[in-house]
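Asker: The structure's right below; bear with me while I get my questions together.
What follows draws every value from the coordinates through simple rules; no lab data is involved. Bear in mind the structure is a predicted one, so any value in this text is a computation, not a measurement. All Cβ positions, even for glycine, are placed from backbone atoms using ideal geometry, and neighbour counts span all protein chains on display.
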Amino acid sequence: MSDYGYIALQETNYKPLLEYDILTNITDIEPMLEIYYKYAKYKKFTSVQPIYPGEFTDPRCQFVTYKHQDKLVAWSMIRKLDTIAVDNMQFCWDYANPKLKLGYKSIRTECAIYRELGYKQMLIDTEMYYKTELQGYKLFGPV
């Protein structure tokens, strides 16, 4: 059984911790997929959610990208659900330099970005302990 959570963005006071770009309509997906595969391999996932080429050009999807020394090293796929909620669907990075702490910094940066854009909720999928430490973290109740 899984618990599904979100971040109440208005309850956060995060500031961007990383430099980022927000991209849409990505047609050269190979660099993005390469990072995704490195991430899955590093984490030793036995099963991963597939990334479909159409997601990179879906007008509802935005990609928050992060570079280190001018090289793309991480990205998050954020899908706009409506005018108040976004779904933080996928984060991945190449782990070439774990000391960058991109997982820790990216989620906080994304909270700041989407709060400033006027969104109220950021869905963050299934509950994991580290997510409970985020400001504004909540679980959806039973239906």
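Asker: Going by amide H atoms built from the backbone, whose H comes under 5 Å of the H on Thr12, apart from near neighbours?
Answerer: HN-HN under 5 Å from Thr12: empty list.
Asker: Something else about it: May I ask you to evaluate 6.51 cos²θ - 1.76 cosθ + 1.60, the Karplus curve with θ = phi - 60°, for each residue of the stretch 92-99 and list the ³J(HN,Hα) values in order in whole Hz, giving x for glycine and proline?
Answerer: In residue order, the calculated couplings are 7, 8, 7, 6, 5, 9, x, 5 Hz.
Asker: While we're here: For Lys99, go through the lysines and keep the ones whose alpha-carbon is under 29 Å away, minus same-chain ones fewer than eight residues off.
Answerer: Lys15, Lys38, Lys41, Lys43, Lys44, Lys67, Lys71, Lys131, Lys138
Asker: While we're here: Work out the charge dipole of the chain with +1 on the Cβ of Lys and Arg and -1 on the Cβ of Asp and Glu about the Cα centre, then indicate which of Asn88, Met122, Gly136 is farthest towards its positive end.
Answerer: Towards the positive end, the residue furthest out is Gly136.
Asker: Can you tell me how the stretch 69-143 classifies by the Cα gyration tensor, rounded, prolate or oblate, using a/c under 1.5 as the rounded cut? Provide the component values of the computation, followed by the final result.
Answerer: Values: a/c = 2.12, a/b = 1.53, b/c = 1.38.
Taking the square roots of the gyration eigenvalues as a ≥ b ≥ c, the stretch 69-143 is prolate.
Asker: For Lys67, list long-range residues whose amide hydrogen, built 1.01 Å from N in the peptide plane, is under 5 Å from its own amide hydrogen.
Answerer: Counting only residues 5 or more places away or on other chains, the set is Val73.
Asker: Picking from Lys105, Lys41, Lys120, which is most flexible by a Gaussian network model of the chain using Cα springs under 10 Å?
Answerer: Per the Cα network of the chain with a 10 Å cutoff, Lys41 tops the list.
Asker: Continuing with the same structure: Check which residues have an amide H placed less than 5 Å from Lys120's amide H, if you skip close sequence neighbours.
Answerer: Ala85
Asker: Now, a different point. Rounded if a/c is under 1.5, else prolate if a/b beats b/c, else oblate: with a ≥ b ≥ c from the C-alpha gyration tensor eigenvalues square-rooted, which is the chain? Show your work: numbers first, answer last.
Answerer: Details: a/c = 1.36, a/b = 1.32, b/c = 1.03.
Rounded is the answer for the chain, as its axis ratio a/c remains below 1.5.
Asker: What list of ³J(HN,Hα) couplings, whole Hz, do you get for the stretch 47-63 from phi and the Karplus terms 6.51, -1.76, 1.60, once you set θ to phi - 60° and write x for glycine and proline?
Answerer: Result, ordered by residue: 8, 10, 6, x, 9, 9, x, x, 5, 6, 10, 4, x, 7, 9, 10, 10 Hz.
Asker: Give, rounded to the nearest 20 debye, the magnitude of the charge dipole that the stretch 4-139 has about its Cα centre when Lys and Arg contribute +1 at Cβ and Asp and Glu contribute -1 at Cβ. Each step should come with its number before you reach the end.
Answerer: On the way: 18 positive and 17 negative charges, 94 e Å.
Once rounded to the nearest 20, the dipole reads 460 debye.
Asker: Residue by residue, what Karplus-based ³J(HN,Hα) values in Hz, rounded to whole numbers, does the stretch 71-83 have, using 6.51, -1.76 and 1.60 with θ = phi - 60° and x for Gly and Pro?
Answerer: These are the phi-based 3J(HN,Hα) values: 10, 4, 10, 7, 7, 10, 9, 10, 9, 6, 8, 6, 7 Hz.
Asker: Select from Tyr52, Tyr95, Tyr37 the residue whose mean-square fluctuation is largest in a Gaussian network model of the chain (Cα-Cα springs shorter than 10 Å).
Answerer: The residue that fluctuates most here is Tyr52.
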